[in-house]
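Taking it in order: structure first as structure tokens, then the write-up.
Nothing in this text is a laboratory measurement; each read-out follows from the coordinates by a stated rule. The structure presented is a predicted model; accordingly, all values stated were derived computationally and were not measured. With ideal geometry, Cβ positions are generated from the backbone for all residues, glycine too; neighbour counts draw on all protein chains shown.
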């Protein structure tokens with residue numbers, strides 16, 4: 001789950017870059033930064049229920065980024081593609097982690 005968390009941090013950083021490049025005109029980009037950082041904290045601790053929440057958030061994040069990508073946006077397309085790639089990578093890592101199930105300790 002740590003790899004998924006790292007992808008969330010990359011996506012969060014790209015959200016901050018998008019906010020900055022938009023001229024601070026899109027403050028809603030900061031909400032995913034907060035959520036993704038909180039999810040990272042739970043994933044770093046191996047919390048399975050956080051992985052399920054993060055999986056749902058990634059599906060929503062991918063959908064929202066696609067909508068933003070193909071509509072008029074103040075955020076450059078390369079940032080949106082980066083967010084999309086990071087969210088998709090996190091989704092794949094989360095799916096793999098959830099598929100593996102809880103590990104025996």
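Can you tell me the mean projection area, over all orientations, of the convex hull of the range 2-100's alpha carbons? Units nm², please. Each step should come with its number before you reach the end.
Values: hull surface 21.4 nm².
Projected over every direction and averaged, the Cα hull of the range 2-100 covers 5.4 nm².
Using per-residue counts of other Cβ atoms within 10 Å, averaged over each peptide, order 22-29, 63-70 from highest down. Present the calculation step by step, with values, prior to reporting the outcome.
Working: 22-29: 13.0, 63-70: 15.1.
Going by the mean number of other Cβ atoms within 10 Å, highest first, we get 63-70, 22-29.
Fewest Cβ neighbours within 10 Å first, please rank 59, 53 accordingly.
Working: 59 13, 53 16.
Result, fewest neighbours first: 59, 53.
Counting only helical runs of four or more DSSP H residues, what would the 222 nm mean residue ellipticity of the chain come to if each run contributes -39,500 (n - 2.57) and the total is spread over all its residues?
Values: 4 runs with 81 residues, N = 105.
Taken over the chain, the calculation gives -26500 deg cm²/dmol.
What is the diffusion coefficient of the range 21-61 in µm²/s, taking the Kirkwood radius over Cα pairs and the Stokes-Einstein relation at 37 °C with a viscosity of 0.692 mPa s?
Working: Rh = 11.1 Å.
Taking Rh from Cα pairs, D becomes 295 µm²/s.
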